[in-house]
1. If I filter region 44-54 for residues that are more than 37 Å from the chain's Cα centre (by Cα) and not in a helix (DSSP H, G or I), do I get at least one hit?
2. For region 137-168, name all the residues that are over 11 Å from residue 202 (Cβ atoms), out of contact with any helix residue (DSSP H, G or I) (no Cβ under 9 Å at 6 or more places or on another chain) and surrounded by 11 or more Cβ atoms within 10 Å (Cβ to Cβ).
3. When residue 8 is evaluated against the numbered criteria (1) in contact with a strand residue (DSSP E or B) (Cβ under 8 Å, 6 or more places away or on another chain); (2) over 30 Å from residue 198 (Cβ atoms), which criterion, by number, is the only one it fails?
4. Every residue in region 84-115 that is part of a helix (DSSP H, G or I), modelled with pLDDT of 90 or more and exposed (fewer than 13 other Cβ atoms within 10 Å of the Cβ), please.
5. Does any residue of region 32-49 turn out to be under 27 Å from residue 102 (Cα atoms) and not assigned by TED's automatic domain parsing to the domain that holds residue 159?
6. How many of the residues making up region 28-40 are surrounded by 14 or more Cβ atoms within 10 Å (Cβ to Cβ) and either in a loop (DSSP other than H, G, I, E, B) or in contact (Cβ under 8 Å) with a residue 40 or more places away in the chain (or both)?
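The values are calculated or read from the model by the stated rules, or taken from the named source; none is laboratory data. Everything quoted here is computed from the prediction, not taken from an experiment. Cβ coordinates were reconstructed from backbone atoms using ideal geometry, including for glycine residues, and neighbour counts include every protein chain displayed.
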């Protein structure tokens, strides 16, 4: 407010897409003072680099000033800001000299041109883009533009987490080098749309391996054939239709006459069959001993128990 004039064009302030800043986008008080908020892209990690660099420098200066931390007063903050404004930058000038265009000690006016300084900084940043991209990509080169269209499922390169899979997005619109995505949460589609560069995403591979598909079908066919064979083997073959009632005696007198014959039969003890029973031979015992691989040792009594008879 102190640096922005009350009349003239609107001042544009770029901020992070935090919920508090999004709610202030249509604030009447900010519009009255001719201030507009520009919300950065949600999926861009470098959405406001100049402000983030300044905040990181201020945090480092506060740590140098108060290594133990604690409560920071307004005096502590003013001292840290004054030190940052007095630090010489890459252009050979301090932030105070660039802002006031005067010497910070003698207050003499310096022959500086704001437009020349701004254009020089912009050219340096543009020329450093390729080197920065190569450094961040480990010399693999910049990302190429993905060939996507509306309705494709894509992944984002920046979504890298070890605890869960990458979230999926669907392309709802394309515009030159940009595309608009919506996020999938399970089987639901979120209403919010994200503006993404086409080089920052890639298509979801949806083609399955034909070898694996054929293997799955063959396994299912074998399982069905095996199930049918088991069902056929479980069914009885050529069972004659016999009536149990025909085998029973029809007249009760005949059934009573057969009872004494059964009682008169002598009871004989069961005879041993002539077939030999499979008893373990000595050879089999030796083989079993050899097959038993657990180490064994002979038991020996201690010397003071040799004279006693143990049961």
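1. Initial filter on region 44-54 (more than 37 Å from the chain's Cα centre (by Cα)): none.
No, every residue in region 44-54 fails to be more than 37 Å from the chain's Cα centre (by Cα) and not in a helix (DSSP H, G or I).
2. Let us first name the residues in region 137-168 that are over 11 Å from residue 202 (Cβ atoms), namely 137-142, 149-151, 158-165, 167-168.
Okay, now just the ones that are also out of contact with any helix residue (DSSP H, G or I) (no Cβ under 9 Å at 6 or more places or on another chain), so 137-139, 149-151, 159-165, 167-168.
Of everything in region 137-168, those that are over 11 Å from residue 202 (Cβ atoms), out of contact with any helix residue (DSSP H, G or I) (no Cβ under 9 Å at 6 or more places or on another chain) and surrounded by 11 or more Cβ atoms within 10 Å (Cβ to Cβ) turn out to be 137, 150, 159, 167, 168.
3. In the conditions (1) in contact with a strand residue (DSSP E or B) (Cβ under 8 Å, 6 or more places away or on another chain); (2) over 30 Å from residue 198 (Cβ atoms), residue 8 misses (1) alone.
4. Correct list: 115 only.
5. Taking region 32-49 first, the residues under 27 Å from residue 102 (Cα atoms) are none.
No, the conditions are met nowhere in region 32-49.
6. Selection size over region 28-40: 2.
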